[in-house]
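The values are calculated or read from the model by the stated rules, or taken from the named source; none is laboratory data. Since the model is a prediction, treat every value here as computed from it, not as a measurement. Virtual Cβ from ideal backbone geometry, glycine too; neighbours counted across all protein chains shown. Each accessible area value is taken on the protein alone, full model and side chains, heavy atoms only, with ligands, DNA and RNA left out. Shrake-Rupley method; radii C 1.70, N 1.55, O 1.52, S 1.80 Å.
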Protein chains: 2
Amino acid sequence: MKTYRDLSPSPRTIMTPGPVEVDPRVLRAMSFSILGQFDPEFTDIMNETMDMIRVLFQTNNHWAFSVDGTSRSGIEAVLTSLIEPGDRVLVPIYGRFGHLLVEIAERCGADISTMEQEWGQVFDPEQVVKRIRQERPDIVAIVHGETSTGRMQPLKEIGKACRELDVLLVVDAVATVGGTKVATDEWMLDAVIGGTQKCLSVPAGMAPVTYNERAEAKILKRKRIERGLRDPQTETGWSGKGIQSNYLDLSQLQDYWSPVRLNHHTEATSMLYALREGLRLVLEEGLEQRFARHLEHEAALVAGIRAMGLTLFGDPDCKMPMVTCVNIPDGVDGESVRAMLLHEFGIEIASSFGALKGKIWRIGTMGYSCNKKNVLHLLGALEAALLRHRVPVHIGAASQAALDVYRRKANTYE
Amino acid sequence: MKTYRDLSPSPRTIMTPGPVEVDPRVLRAMSFSILGQFDPEFTDIMNETMDMIRVLFQTNNHWAFSVDGTSRSGIEAVLTSLIEPGDRVLVPIYGRFGHLLVEIAERCGADISTMEQEWGQVFDPEQVVKRIRQERPDIVAIVHGETSTGRMQPLKEIGKACRELDVLLVVDAVATVGGTKVATDEWMLDAVIGGTQKCLSVPAGMAPVTYNERAEAKILKRKRIERGLRDPQTETGWSGKGIQSNYLDLSQLQDYWSPVRLNHHTEATSMLYALREGLRLVLEEGLEQRFARHLEHEAALVAGIRAMGLTLFGDPDCKMPMVTCVNIPDGVDGESVRAMLLHEFGIEIASSFGALKGKIWRIGTMGYSCNKKNVLHLLGALEAALLRHRVPVHIGAASQAALDVYRRKANTYE
């Protein structure tokens with residue numbers, strides 16, 4: 001029989017828009033021995049995690065917990081729990097992940113309308129608000145930070161309009177939460193999904209979500225207690241109109257995350273340890289300080305990229321602080337440069353999707369990966385890789401430009 | 001702001017029917033730094049994991065990979081990918097998790113028929129085969145090892161009949177795989193779902209699955225490439241008849257797990273490290289040796305329980321080797337005994353569901369938790385806890401009886 005060697009992953013500097021490097025303290029947390037899912041010590045950990053998710057999403061919502069799956073499991077849990085077949089759902093699309101919202105909403109039986117913005121731009125909020133007023137959809141679903149294009153959509157005006165018109169607003173904040181402001185309550189977002197493997201720097205495999213009483217009311221209308229757990233005398237079963245997933249049924253998950261502790265799945269213990277530790281580190285750093293750190297390293301990266309002679313993709317007014325999209329110079333094989341960065345320098349950056357494939361590189365500065373060492377390492381490596389690909393760059397300029405940005409804060413060697 | 005202390009879970013001897021203790025080598029694997037999901041080193045790890053899942057399920061199936069969620073996400077992925085609305089699905093039920101199969105199949109729009117066996121028994125396979133011949137369902141879904149009652153259903157005759165009649169057979173082997181024979185090919189099972197947090201002793205959070213070409217053919221008929229990834233010129237979108245989940249869509253997941261590597265979710269890196277290491281340890285031990293180990297510790301546990309004067313629940317002819325159900329003596333508060341075991345001795349055992357709640361305790365001997373130290377610790381602790389609850393037991397007999405079982409294999413101190 002074939003034998004398999006010990007796991008021994010090479011060290012990597014991961015500067016994609018996710019997954020990114022995991023804080024060693026989070027990795028360490030996963031190596032603790034597990035607890036049973038109904039062990040009081042474990043349910044305390046679940047409750048602490050709920051508290052910290054509330055801080056992360058800047059909300060007082062009662063419901064704030066994690067779905068046991070990757071980010072898109074959280075998106076699907078929210079959409080499949082909220083959307084009744086025939087519900088009218090409006091999805092403003094400005095990149096690949098807007099299409100994903102449509103994809104999932106379609107499978108929930110939604111009656112969907114879309115509006116599309118050119119990739120590299122976002123919507124003028126008034127344009128979306130106008131469409132909401134015209135159509136009066138049941139639900140609006142929108143991406144906060146679109147990693148495929150590196151753009152971030154302002155949400156405040158859209159949230160206000162949805163609340164006035166009694167429309168539910170669902171927001172995919174997978175790429176932004178923990179890296180920039182996601183003000184669930186202030187912006188009047190009804191349900192928000194976060195990601196672990198981006199600005200939280202926790203491995204993929206859990207999806208923190210939060211939703212308010214407006215969303216809960218709709219979910220509870222569709223609730224059925226699981227067959228085999230419900231009392232056949234008093235509780236009714238499936239009528240064909242309920243939530244089409246069991247695994248991603250928020251009405252059941254919230255019972256599992258409440259003192260009722262109604263058995264559902266077996267909580268993913270080690271991933272929850274990781275999420276709790278990742279959240280603890282966010283709180284330790286402080287949200288505002290964390291957002292400022294993302295801005296600082298973005299500034300250094302952007303200064304370096306520009307000094308090298310490269311140009312940035314997309315409208316700068318709506319750039320995500322944690323994703324920088326770089327136009328691949330004409331005639332350069334972007335995949336060859338990426339491969340050289342990975343195999344020679346141990347650095348991973350990303351390409352993009354659809355029409356942008358081969359046109360842009362996407363560089364992430366997220367969470368633990370968002371640090372000076374990584375930014376300077378990448379700028380030096382990218383310069384060297386471009387020189388090897390015979391691209392004329394301003395040799396030596398990138399690192400100096402980045403150091404100038406950092407000089408504003410730190411002492412220097414001059 | 002509230003501060004949260006360092007994670008510091010208490011040591012536990014976990015003898016429930018899952019989740020159970022995790023091998024320290026698996027815990028260590030999760031602490032390695034992560035790799036990007038399309039890093040060639042990582043896709044090598046994905047491929048190795050597929051190879052090992054095939055060994056685990058004793059199959060030559062091409063498709064053998066993991067779903068990023070807990071066991072029930074694997075069950076739902078298989079059922080939601082296979083069941084078209086209106087498909088006739090037969091579910092023989094002999095415990096709680098049979099009801100879960102019905103619950104999930106209902107939500108997929110199946111036309112369901114059930115047959116029920118008294119809890120504590122399994123079906124005579126001929127009885128199921130007869131029903132299949134009568135009804136000619138599209139799919140039969142059945143649990144292999146029903147942890148709620150500790151029973152194991154023989155599948156060979158059912159598999160043969162399903163193949164003859166061109167019925168797809170889906171098997172929930174969450175609790176049995178890695179602990180006893182699950183002969184996917186020999187028994188002609190079309191799709192099988194395993195669990196990580198039971199006999200594999202990997203934390204919950206992934207679900208290994210395998211399916212053959214018969215199942216794949218049905219899944220591919222329902223396939224749609226994701227909006228935002230498909231070519232709008234040549235590929236068609238959602239028609240309302242496809243797979244209702246995106247996250248659990250096996251037709252998309254198999255593209256992600258194939259050289260196509262079509263982007264889907266972000267693979268749960270650290271959980272995959274854990275699964276790979278858990279599988280590596282299964283192969284290192286050897287399947288047959290592993291099954292024998294589960295039988296040996298079961299024998300010791302059962303001898304000890306009986307010697308103490310307690311009785312076992314359920315038909316002994318179909319007992320699962322890795323779950324032992326003990327009748328709670330009349331007048332004893334089972335939950336009080338369980339709480340004492342946990343809080344005084346650091347041992348967790350389980351209660352049960354539905355009509356068996358308060359009637360039986362369920363003791364797991366699964367994977368890493370299936371060892372001599374745990375069995376002897378539990379027997380001593382249970383005796384002490386029962387004495388504190390004024391239950392007349394044969395004092396000192398349990399440990400001696402278990403030691404006698406172990407004496408057959410090992411040297412003794414006599």
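Annotations for the structure displayed:
- Scope segment B:64-97; condition over 24 Å from A:Thr80 (Cβ atoms) and open to solvent by less than 20 Å² (accessible area, probe 1.4 Å); matching residues: B:Ala64, B:Leu90, B:Pro92, B:Ile93, B:Tyr94, B:Gly95
- A:Ser336 vs. criteria within 14 Å of chain B (Cβ to nearest Cβ), at negative phi, among the polar types (S, T, N, Q) and open to solvent by 10 Å² or more (accessible area, probe 1.4 Å): no
Per-residue answers, yes or no, for (1) away from chain B (no Cβ under 13 Å); (2) modelled with pLDDT under 95; (3) surrounded by fewer than 24 Cβ atoms within 10 Å (Cβ to Cβ); (4) part of a loop (DSSP other than H, G, I, E, B):
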| residue | (1), (2), (3), (4) |
| --- | --- |
| A:Arg163 | yes, no, yes, no |
| A:Glu186 | yes, no, yes, yes |
| A:Ile193 | no, no, no, no |
| A:Thr196 | no, no, no, yes |
| A:Val202 | no, no, no, yes |
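- Criterion (free of Cβ contacts under 8 Å to residues at least 24 places away in the same chain, among the β-branched types (Val, Ile, Thr) and within 23 Å of A:Thr149 (Cβ to Cβ)) met by exactly one of A:Val89, A:Val102: A:Val102
- From the list B:Leu301, B:Leu275, the lone residue that is of a type outside the set (Lys, Arg), within 14 Å of another protein chain (Cβ to nearest Cβ), in contact with a strand residue (DSSP E or B) (Cβ under 7 Å, 6 or more places away or on another chain) and buried (at least 24 other Cβ atoms within 10 Å of the Cβ) is B:Leu275.
- Every condition in (1) open to solvent by 10 Å² or more (accessible area, probe 1.4 Å); (2) more than 10 Å from chain A (Cβ to nearest Cβ) is met by B:Glu48 except one, and the failing one is (2).
- Flag for B:Glu235 being open to solvent by 10 Å² or more (accessible area, probe 1.4 Å), farther than 30 Å from B:Gly95 by Cβ and either assigned to a loop (DSSP other than H, G, I, E, B) or at pLDDT below 95 (or both): yes
- Residue-level check: of (1) assigned to a helix (DSSP H, G or I); (2) under 23 Å from the mean Cα position of the chain (by Cα); (3) away from chain B (no Cβ under 14 Å), A:Val282 misses just (3).
- The residues of segment B:333-350 that are assigned to a loop (DSSP other than H, G, I, E, B) and out of contact with any strand residue (DSSP E or B) (no Cβ under 8 Å at 6 or more places or on another chain) amount to a single one, B:Asp333.
- Any hit, segment B:304-326, residues being over 22 Å from the mean Cα position of the chain (by Cα), over 14 Å from B:Met15 (Cα atoms) and among the acidic types (Asp, Glu): no
- Of the residues making up segment B:13-28, those that are surrounded by 24 or more Cβ atoms within 10 Å (Cβ to Cβ), within 8 Å of chain A (Cβ to nearest Cβ) and out of contact with any strand residue (DSSP E or B) (no Cβ under 7 Å at 6 or more places or on another chain) are B:Pro19, B:Val22.
- Selection from segment A:351-393 of residues that are in a helix (DSSP H, G or I) and among the small types (Gly, Ala, Ser): A:Gly354, A:Ala355, A:Gly367, A:Ser369, A:Gly380, A:Ala381, A:Ala384, A:Ala385
- Within the set A:Asp330, A:Asp317, the sole residue that is free of Cβ contacts under 8 Å to residues at least 40 places away in the same chain, on the phi < 0 side of the Ramachandran plot and in a loop (DSSP other than H, G, I, E, B) turns out to be A:Asp330.
- Looking across segment A:346-398, the residues that are among the polar types (S, T, N, Q) and buried (at least 20 other Cβ atoms within 10 Å of the Cβ) come down to A:Ser352, A:Thr365, A:Ser369, A:Asn374.
- Every residue from segment B:64-88 that is within 14 Å of B:Ala215 (Cβ to Cβ) and more than 10 Å from chain A (Cβ to nearest Cβ): B:Ala64, B:Phe65, B:Val78, B:Ser81, B:Leu82, B:Ile83, B:Glu84, B:Asp87
- The residues of segment B:28-44 that are out of contact with any Asp or Glu (no Cβ under 9 Å at 6 or more places or on another chain) and part of a helix (DSSP H, G or I), listed by number, are B:Pro40, B:Glu41, B:Thr43, B:Asp44.
- Test: A:Arg131 is touching a residue at least 24 places away in the same chain (Cβ under 8 Å) and open to solvent by less than 20 Å² (accessible area, probe 1.4 Å): no
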